[in-house]
Amino acid sequence: MSAPVNVLVIGAGPHTRLNHLPALAAAQDAGLAGTVTGVDLPHAATPIDHGTPGRPRRMPVVPVPPFPVSRRSLPGAVRHVLEDLVERQRIGAVVVATEPSVHLPYALWAIRHGLPVLLDKPLTVHPGASTDPAAAQAVADDFETLLDAYRDALHRDGRMVVSVLAQRRWHPAFRRVRELIAEVAEATNCPVTSVQSSHGDGQWRLPHELVDLGYHGYTSGYGKAAHSGYHHFDTVPWWLAAGERPGKEIDEIEVHAACTRPGDFLSQLTVADHARLLPGFADRNPYTEQQLHRLTAGFGEVDVHLNVAYRGRGRVLALGSHNLAHTSFSQRAALDPVPGSLYKGNGRIGQESHIVQQGPFQALHLHVLQTLHGDGDGVDPRAAGGADHIALHVFRNDRLALGWERHRVLGFHDLVQGDGADAVLPTQQSARTCAVTEFLSYLAGRLPRTEMASDLADHRRPARLMSAAYLSMARRAAGDGQPCAPVALDFRPAPVLAEPAGRALATLGAVR
């Protein structure tokens with residue numbers, strides 16, 4: 001076993017504080033991670049207290065200068081700060097958790113320096129992706145750039161790894177769905193034939209906040225598809241791959257997207273409606289309805305619905321509908337966002353469902369239906385409406401002589417993987433912790449590469465699905481809202497990046 005690896009976290013915003021730092025603190029307690037150092041823009045470069053109960057920790061955050069998001073490589077001033085930290089702190093791994101429009105230059109810098117990377121989702125995005133076809137296409141092109149850099153880094157050092165933190169790949173319920181699909185495909189030779197997926201954030205962003213609050217907003221010309229849509233763009237192809245059989249591989253997608261933008265939301269729920277529903281709103285809102293429509297022109301998508309045909313050899317093998325919404329049931333009733341953004345909290349409630357059909361043989365219904373955060377009002381947190389509700393319904397054709405059960409329901413306790421301190425709960429937070437732990441366990445020599453769940457090379461399909469969704473939105477926007485032809489993209493997976501010949505998988509220490 002190697003020494004704990006020292007970690008550099010690039011980006012220390014609300015997402016990192018909520019998701020990455022608890023997992024990294026647990027990894028420090030387990031001896032997988034050594035020091036953890038952050039970098040962020042100067043206004044956010046203050047130390048962050050974090051840790052596990054009884055073991056408080058503080059992460060120093062070093063300032064780096066801002067740079068235009070159009071850059072594909074880091075400016076010299078930023079590189080100087082990072083390279084100085086790598087040397088002084090003996091950094092052995094990098095977590096890229098910035099705003100996704102600058103993922104590409106930071107990830108490329110780390111990969112080209114031979115530093116293992118845990119890359120947040122989405123892989124990349126570009127300003128104006130939902131209105132500019134070139135920016136939409138760049139999402140797919142960026143994947144190829146990252147993959148080429150990764151291939152070169154692996155050639156130099158077979159221990160190199162880039163893992164993508166798309167946490168549903170570690171979530172026990174999503175893994176169980178994949179296992180059930182593979183089981184029926186093996187028995188019947190039938191792939192997945194349709195998927196209906198939906199996700200609602202329960203986010204209620206008030207009219208003036210559409211303009212004034214940029215974090216996880218729409219001001220940069222992209223929105224829901226980049227915020228949390230990548231989870232669906234990743235999960236659905238990952239499930240479809242489990243059902244692919246020889247001669248029934250998917251090689252192309254056809255995508256048609258329709259979306260709403262802030263101007264549409266302001267027509268659904270007007271400024272006058274907000275003033276009537278929320279006492280005090282009129283005194284807080286500095287904009288007229290006309291000003292809001294003018295100021296939000298060119299903003300990104302609020303909600304987006306996709307219709308997708310997954311083709312193989314010219315035939316449709318599966319149909320998909322992917323419905324991604326910020327506008328959905330919320331528990332918000334306060335005028336003031338706390339603690340200053342709408343990333344989490346403020347009544348935001350997630351609701352998610354997936355219906356997978358596998359020909360006449362199997363239907364899987366996965367539902368995550370929440371109405372509150374945490375325990376409250378005597379509601380069982382694992383019952384429908386509770387903070388941890390999850391249920392997987394499995395329907396199978398039991399009239400075939402295959403020993404199948406017609407219907408069973410797997411609840412929270414049925415979906416827990418493992419037991420005791422090593423148990424993985426069917427929650428997003430537990431899945432994120434698994435992603436961080438797996439990455440560091442590989443670096444410590446405790447896990448082989450073959451057992452890693454989310455290698456960068458396996459993300460060509462989600463990157464292309466995201467790119468196609470934005471291409472469809474952008475072409476519609478460029479055509480003044482007129483219907484346009486669906487977007488077709490090659491959907492073959494990337495080649496597996498094999499270990500360089502003659503190189504055994506070794507361990508990584510804190511010093512590189």
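The values are calculated or read from the model by the stated rules, or taken from the named source; none is laboratory data. Just so you know, these numbers come straight off a predicted model, no measurement behind them. Neighbour counts run over all protein chains shown; Cβ positions are idealised from the backbone, glycine included.
Every residue, every condition in (1) at negative phi; (2) buried (at least 21 other Cβ atoms within 10 Å of the Cβ); (3) part of a helix (DSSP H, G or I), yes or no:
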position	(1), (2), (3)
Leu18	yes, no, yes
Pro56	yes, no, no
Val78	yes, yes, yes
Val86	yes, no, yes
Val94	yes, yes, no
Leu118	yes, yes, no
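Suppose we filter Ser467, Ser441, Ser472 for residues that are hydroxyl-bearing (Ser, Thr, Tyr), at pLDDT 95 or above and within 30 Å of Gln28 (Cβ to Cβ); which single one remains?
After applying the criteria, what remains is Ser441.
Taking interchain pairs and intrachain pairs at least six residues apart, which have beta carbon atoms under 7 angstrom, with the first residue in the range 420-432 and assigned to a helix (DSSP H, G or I) and the second at pLDDT below 90?
That search, which allows pairs on different chains as well, returns Arg432/Asn19.
Okay, residues lined up against (1) in contact (Cβ under 8 Å) with a residue 40 or more places away in the chain; (2) over 21 Å from the mean Cα position of the chain (by Cα); (3) closer than 24 Å to Asp303 by Cα:
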position	(1), (2), (3)
Thr145	yes, no, no
Pro172	yes, no, no
Arg176	yes, no, no
Ala182	yes, yes, no
Val195	yes, no, yes
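Quick check on this structure: which one of Tyr222, Tyr215 is touching a residue at least 40 places away in the same chain (Cβ under 8 Å), surrounded by fewer than 23 Cβ atoms within 10 Å (Cβ to Cβ) and closer than 25 Å to Ala135 by Cα? Lay out the reasoning, then the answer.
Details: Tyr222 fails: surrounded by fewer than 23 Cβ atoms within 10 Å (Cβ to Cβ).
Matching residue, one of Tyr222, Tyr215: Tyr215.
Pairs under 9 Å by beta carbon, first residue more than 14 Å from Pro60 (Cβ to Cβ) and assigned by TED's automatic domain parsing to the domain that holds Ala107 in the range 74-89, partner outside any helix (DSSP H, G or I) and of a type in the set (Lys, Arg), six or more apart or different chains?
That search, which allows pairs on different chains as well, returns Val86/Arg512.
For (1) of a type in the set (D, E, K, R); (2) loosely packed, with under 15 Cβ neighbours inside 10 Å, each residue gets a yes or a no:
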residue: Ile253; (1), (2): no, no
residue: Leu266; (1), (2): no, no
residue: Leu269; (1), (2): no, yes
residue: Thr288; (1), (2): no, yes
residue: Arg294; (1), (2): yes, yes
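Within the range 120-137, restricting attention to residues that are touching a residue at least 40 places away in the same chain (Cβ under 8 Å) and not in a loop (DSSP other than H, G, I, E, B), which residue is farthest from His103 (Cα to Cα)?
Filtering first and then ranking leaves Pro133.
Counting only residues that are among the β-branched types (Val, Ile, Thr) and over 27 Å from His126 (Cβ atoms), how many does the range 55-100 have? Full working, then the answer.
Here is the first cut: in the range 55-100, the ones among the β-branched types (Val, Ile, Thr) are 61-62, 64, 69, 78, 81, 86, 91, 94-96, 98.
From what is left, the residues that are over 27 Å from His126 (Cβ atoms) are 86, 91.
Matching residues across the range 55-100 total 2.
If we scan the range 253-262, do we find a residue that is over 30 Å from Phe491 (Cβ atoms), touching a residue at least 40 places away in the same chain (Cβ under 8 Å) and under 24 Å from the mean Cα position of the chain (by Cα)? Can you show your working first?
Pass one, the range 253-262, residues over 30 Å from Phe491 (Cβ atoms): 262.
Adding the requirement that they be touching a residue at least 40 places away in the same chain (Cβ under 8 Å) leaves 262.
Of the ones still in play, those that are also under 24 Å from the mean Cα position of the chain (by Cα) are 262.
So far as the range 253-262 goes, yes, one or more of its residues are over 30 Å from Phe491 (Cβ atoms), touching a residue at least 40 places away in the same chain (Cβ under 8 Å) and under 24 Å from the mean Cα position of the chain (by Cα).
Can you tell me which of (1) under 24 Å from Tyr218 (Cα atoms); (2) of a type outside the set (S, T, N, Q); (3) out of contact with any strand residue (DSSP E or B) (no Cβ under 6 Å at 6 or more places or on another chain) is the one Gly280 doesn't meet?
(1)
Only residues that are exposed (fewer than 10 other Cβ atoms within 10 Å of the Cβ) and either under 18 Å from Glu183 (Cα atoms) or of a type in the set (Gly, Ala, Ser) (or both): list them for the range 399-417, please.
Arg399, Ala401, Gly403, Glu405, listed by residue number.
Of a type in the set (Val, Ile, Thr) and within 20 Å of Gly34 (Cβ to Cβ): is that true of Val102 in this structure?
Spelling it out, it is not the case that Val102 is of a type in the set (Val, Ile, Thr) and within 20 Å of Gly34 (Cβ to Cβ).
Results for (1) assigned by TED's automatic domain parsing to the domain that holds Asp273; (2) small (Gly, Ala, Ser); (3) on the phi > 0 side of the Ramachandran plot; (4) modelled with pLDDT of 85 or more, shown as yes or no for each residue.
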position	(1), (2), (3), (4)
Glu301	yes, no, no, yes
Tyr310	yes, no, no, yes
Leu317	yes, no, no, yes
Ala325	yes, yes, no, yes
Lys344	yes, no, no, no
Leu366	yes, no, no, yes
Leu369	yes, no, no, yes
